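Data block below; observations after.
The values are calculated or read from the model by the stated rules, or taken from the named source; none is laboratory data. What you are looking at is a predicted structure, and each value in this text was computed from that prediction instead of being measured. Cβ coordinates were reconstructed from backbone atoms using ideal geometry, including for glycine residues, and neighbour counts include every protein chain displayed. Surface areas here come from the heavy atoms of the whole protein model, side chains and all, with no ligands, DNA or RNA. Shrake-Rupley method; radii C 1.70, N 1.55, O 1.52, S 1.80 Å.
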Amino acid sequence: MSGDRSIGGNGRYRVYQVVGLILGALFVAVGLAAILGGGGPVIGVIGLVGGVAVIAVSIVMMVRS
């Protein structure tokens, strides 16, 4: 291995996880806006589910690293 991951974790992976949290929150916000604004409940639910999934994965990866 080239040493991309150290035992204590790497700052680059932490940045990816934080970006994942931000993108997840953005998807949730867009989903809520679509549902509440009448722009399309199906698109809104897809945005909400996708955003929650991204947030969950980012949190799990933060805990594991």
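Values computed for the structure shown
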quantity	calculated
Sequence of R64, R14 when ordered by accessible area, the most exposed leading, probe 1.4 angstrom	R64, R14
Estimated FRET transfer efficiency (V45, Y16; beta-carbon r; R0 22 Å; 0.05)	0.25
For segment 52-64, 3J(HN,Hα) per residue [Karplus equation, 6.51 cos²θ - 1.76 cosθ + 1.60, θ = phi - 60°, Hz, x = Gly/Pro]	5, 5, 5, 5, 4, 5, 5, 5, 4, 5, 5, 5, 6
Value at 222 nm in deg cm²/dmol, rounded to 500, when DSSP H runs of n ≥ 4 in the chain each add -39,500 (n - 2.57)	-28000 deg cm²/dmol
Contact order normalised by residue count of the chain, Cα under 8 Å, 6+ apart, percent	37
Computed lengthening from L23 to M61, 0.36 nm per intervening residue step minus Cα-Cα distance	12.2 nm
On Cα atoms only, tilt of 11-37 relative to the major axis of the chain in degrees	10
